[in-house]
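Trainee: After the structure tokens below, expect a handful of questions from me.
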Amino acid sequence: MYTLPTPYKASISKYLLIFLLLLIPIYTYAIDTDTDTLKHTPLTEKSFILDHYGSPYATASWLRGSRNLLNELEDKYISDRAKDKFFIRWSTLVGNNLCNDLLMLFAHEVNGHGFRQRSFKKRVDGYELFLLFGGITSFFTPVNGLGAITHYNIFDELEERFTHTDKELLKIIAGNEANAVLANELLLKNFKAGSLDYRNYNLFFKAFTNLLGYIVIADNIILGDDILHYLSTLKHKHDSDKINLSTLRSSAAIFFLNPVLYVSIWSFYAHLFKKEKVFSIPRLTWKNIAYMPIIRIGLTPFGISYYLDNFINNQEKTFLISLNIGKSPFYTQYYGGIGCKTDELFTYKNYTLDLATNLWYQPKLVLEASDTLEDKSYWGGLIGIYNKLKVNSYLSLHGNILYKTSGFLEGMVAERGFIWQAGFCLSYTA
């Protein structure tokens, strides 16, 4: 008989204790931050990175840059004095809400599902946009008002469905992966500043709650539902339904234990009713060190994984140290890993160096028809070097090289091999 892992068995008292501990950063935020006087320097550096398949990590830079460019255009042509009028402020808030819907959907469909399909050298025929809940939610809440569907090439899909590999699972979960990456990148790049404006916080909210939202609204009548597709594909793979919708919904409750989630919701209404623009990222501080944990779940080809993302800043250097662990009814062993990514780790004159490392222990991915499903885990990892060279006061060049072994890692190709990334960074006064 399958025994539920510890996260499932946690009593209400344990969840309350965790929640109270995580309320400390909110208390710190409340007593240390006067949002009326909080100054947020607009990001004057906007990076645009590309890699071979348009991975979530590379294209997150385009989405962040696009959001900040939209902010600058809005601030230039719509003055704060004009926004003193409630209707103008509400109108721009709705417009930004819809723009962030589009950015989140671009991450989900193009950088998520589309990326996985391209990484398997398969074709995408197109993308379809539609109204979610009639689009009404975008007018009064930060919740998404738009939805989208990725249309894979039908001939590639028919061929793939007869191989029974993990490729289908990887494509299903890729959209939520891409938004988890986007949410973390938004925090990593702004954690040193310690704040986000209400528009970037709104984008963070949409990206961070992408998986949570899919789980909450999962329904048999919704076309192309990723969650139900994930569950049915897992059942087909293992001939068992020991992971079901109730399991996912119980596990997803940990999203609500993150103070930054509530700040992101508050930022929407605080701007609308109190005209506030910039909001602190809730964190614990000690001397020159700032720290914020985020707990969440993620979907993997093996089952549910629990993540603890630790954001740490020490003066100019920022670190994202991620731990994850999972226990699936389909395997006898736990699986998980640890990863670290830096921002401005080392700077010398015009050169900046950053690193990314990951180490994991997980079941083998079934990527080819000849691969066999095993109840056994293997070690794997990734190492990456990120280089930025400042050419002049306006332009910097990026050149990144990573190597990864075969295995599952959020936002990365499944196969082993080198990953090359290149791009540029624009610097100017906003």
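Values in this text are rule-based calculations from the coordinates and carry no lab data. Computed from a prediction, not measured in an experiment: that's the story for all the values here. Backbone-built Cβ (ideal geometry, glycine too); neighbour counts: all protein chains shown.
Trainee: Give me the Å³ per residue figure for the convex hull around the C-alpha atoms of the chain.
Mentor: 147
Trainee: If I model a spin label as a point 7 Å beyond the Cα along the Cα-Cβ vector, how far apart are those points for Y262 and T372 in nm?
Mentor: It works out to 5.2 nm between the two label points.
Trainee: Normalising by the residue count of the range 6-427, find the relative contact order in percent from Cα pairs under 8 Å and 6+ residues apart.
Mentor: 16
Trainee: To continue, here is another question. Given H placed on each backbone N at 1.01 Å, which residues far from G145 in sequence or on other chains put an amide H within less than 5 Å of it?
Mentor: Here S138 satisfy the definition.
Trainee: Pairs K327/K364; K46/K192; K287/K388; K317/K341: which exceed 18 Å Cα-Cα?
Mentor: From K327/K364; K46/K192; K287/K388; K317/K341, over 18 Å: K287/K388.
Trainee: Do you know the relative contact order of the range 254-320, to the nearest whole percent, from alpha carbon pairs under 8 angstrom that are 6+ apart?
Mentor: 25
Trainee: Here is a further query. Looking at I401, I325, V413, which one has the Cα that reaches farthest to the positive end of the dipole of the range 323-430 (charges on Cβ: Lys, Arg +1; Asp, Glu -1)?
Mentor: I401
Trainee: Taking a cut-off of 18 Å between Cα atoms, list the aspartates and glutamates near K76, but don't count ones fewer than 8 places away on the same chain.
Mentor: Within the straight-line limit of under 18 Å, K76 reaches these aspartates and glutamates: E45, D84, D197, E276.
Trainee: Under a 5 Å amide H to amide H cut-off, with H placed in plane at 1.01 Å, what residues pair with R283 once short-range neighbours are removed?
Mentor: So R283 has HN proximity to Y29.
Trainee: D166's amide H: which non-local residues (gap 5+, or another chain) put their own amide H closer than 5 Å, with H modeled 1.01 Å from N in plane and none for Pro or chain starts?
Mentor: Under 5 Å from the amide H of D166 lie the amide H atoms of V366, L367, each far enough along the sequence or on another chain.
Trainee: Can you list the HN-Hα couplings for the range 334-348, worked out from phi with the Karplus curve (6.51, -1.76, 1.60; θ = phi - 60°), rounded to whole Hz and with x for Gly and Pro?
Mentor: Computed from phi, the couplings for the range 334-348 are 5, 9, x, x, 9, x, 9, 9, 10, 9, 6, 5, 9, 10, 9 Hz.
Trainee: Would you please classify the overall shape of the range 322-430 from the alpha carbon gyration tensor, given that a ≥ b ≥ c denote the square roots of the eigenvalues, rounded means a/c under 1.5, and beyond that prolate means a/b larger than b/c while oblate covers the rest?
Mentor: Prolate is the answer for the range 322-430, as a/c is 1.5 or above and a/b outweighs b/c.
Trainee: Also, quick follow-up: What are the ³J(HN,Hα) couplings of the range 316-327, residue after residue, when phi is run through the Karplus curve with 6.51, -1.76, 1.60 and θ = phi - 60°? Round to Hz, x for glycine and proline.
Mentor: 7, 9, 10, 10, 10, 10, 10, 10, 9, 8, x, 9
Trainee: Applying the Karplus parametrisation 6.51 cos²θ - 1.76 cosθ + 1.60 with θ = phi - 60° to the phi angles of the range 240-257, what ³J(HN,Hα) value in whole Hz is obtained for each residue in order, glycine and proline being reported as x?
Mentor: Along the range 240-257, the couplings run 7, 10, 5, 10, 10, 5, 5, 4, 5, 5, 5, 5, 5, 4, 5, 4, 6, 8 Hz.
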